[in-house]
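All remarks here apply to the structure that follows.
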Amino acid sequence: MSLAVPADLVDPLVLANRILYDQGVVDGLGHASVRHPTEPGVFLLSCNRAPGLVRRQDITCYDFDGNTLSDQKERPYLERFIHAEIYRERPDVMAVVHSHSPSVIPFAITHNALKPVFHMSGFLGEGSAHFEIREAGGNTDMLISSSYLGAALARSLGRHSCVLMRGHGSTVVGTSLQQVVYRAIYAEVNAKLQLGAQALGEITFLNAEEAQLSSDMNDGQLPRSWSLWVRRLGEIDLDR
Ligand SMILES: [Zn+2]
């Protein structure tokens, strides 16, 4: 069976990849995905390509077991199970970004949660979740390269919007591509600010209500940031 990739999601997903690279959230590795709009057991993700180089023809449909459903000859990402198992576990999640953005790593390796230091990161709520791969898989290469490890990660994520992965990186989830890109960018920004502020003294984080209110407010402003991020990419050819 070959499942057609929904045309209206291809360009936004290519742009999401390019924006995340342009904003320094991903490098040669990392990925963004979006759930299929009418097939809830399917998601769209690039084949094994650096995010900054993802093109329209790279976008592929996968099922929750990580199988390619589209007519795609290129190999898939090893870590597609991150996306698959989160979509399986969280019907509310419509988009996922996985990255190794550097400022988040100190929190992941010290088991400190990212917490919202300002209104832009209200989506962090009462803090990020934490994933310890050793508890699930013993000693590994740290990658989420199986359904089993993906399911363990999804359980650690729970109802949170962000899970830090010890010795590896982080994964954020959202209800749209624009929202999840925003969250990936501001998880990294928040990490930098939180690291800097804690050297100065005790941090007053947003409380749960402030976090929710500012998160709701920011969700209404997403197209404003998105249009700026797209403009920054300049004249680009999404086929090359
Ligand atoms: Zn990774």
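The values are calculated or read from the model by the stated rules, or taken from the named source; none is laboratory data. Please read all numbers here as calculations on a predicted model, not as lab measurements. Here Cβ is always computed from backbone atoms with ideal geometry, including for glycine, and neighbour counts include all displayed protein chains.
Brief remarks on what is shown
Table: residues versus (1) basic (Lys, Arg); (2) surrounded by 21 or more Cβ atoms within 10 Å (Cβ to Cβ); (3) more than 16 Å from the ligand (Cβ to nearest atom).
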{"residue": "Arg80", "(1), (2), (3)": "yes, yes, no"}
{"residue": "Arg88", "(1), (2), (3)": "yes, no, yes"}
{"residue": "Ala95", "(1), (2), (3)": "no, yes, yes"}
{"residue": "His100", "(1), (2), (3)": "no, no, no"}
{"residue": "Val104", "(1), (2), (3)": "no, yes, no"}
{"residue": "Val117", "(1), (2), (3)": "no, yes, yes"}
{"residue": "Phe123", "(1), (2), (3)": "no, yes, yes"}
{"residue": "Asn139", "(1), (2), (3)": "no, no, yes"}
{"residue": "Ala152", "(1), (2), (3)": "no, no, no"}
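- Count of segment 118-153 residues which are farther than 20 Å from Asp219 by Cβ and at pLDDT below 95: 0
- Inclusion of Ala184 among residues that are over 14 Å from the mean Cα position of the chain (by Cα) and not acidic (Asp, Glu) is not warranted.
- Any hit, segment 24-44, residues being polar (S, T, N, Q), buried (at least 18 other Cβ atoms within 10 Å of the Cβ), more than 13 Å from the ligand (Cβ to nearest atom) and over 15 Å from the mean Cα position of the chain (by Cα): no
- Scan of segment 48-78 for residues that are touching a Pro at 6+ places or on another chain (Cβ under 8 Å) and within 16 Å of the ligand (Cβ to nearest atom), ordered by number: Asn48, Gly66
- Selection of segment 154-164 for residues being within 16 Å of the ligand (Cβ to nearest atom) and either at pLDDT below 95 or surrounded by fewer than 21 Cβ atoms within 10 Å (Cβ to Cβ) (or both) yields only Ser156.
- Those helices (runs of 4 or more DSSP H) of segment 97-207 in which at least 3 residues are hydroxyl-bearing (Ser, Thr, Tyr), considering only elements entirely within it, cover 147-157.
- Condition broken by Thr38, with the remaining ones in (1) of a type in the set (S, T, N, Q); (2) over 18 Å from Val104 (Cβ atoms); (3) touching a helix residue (DSSP H, G or I) at 6+ places or on another chain (Cβ under 7 Å) satisfied: (3)
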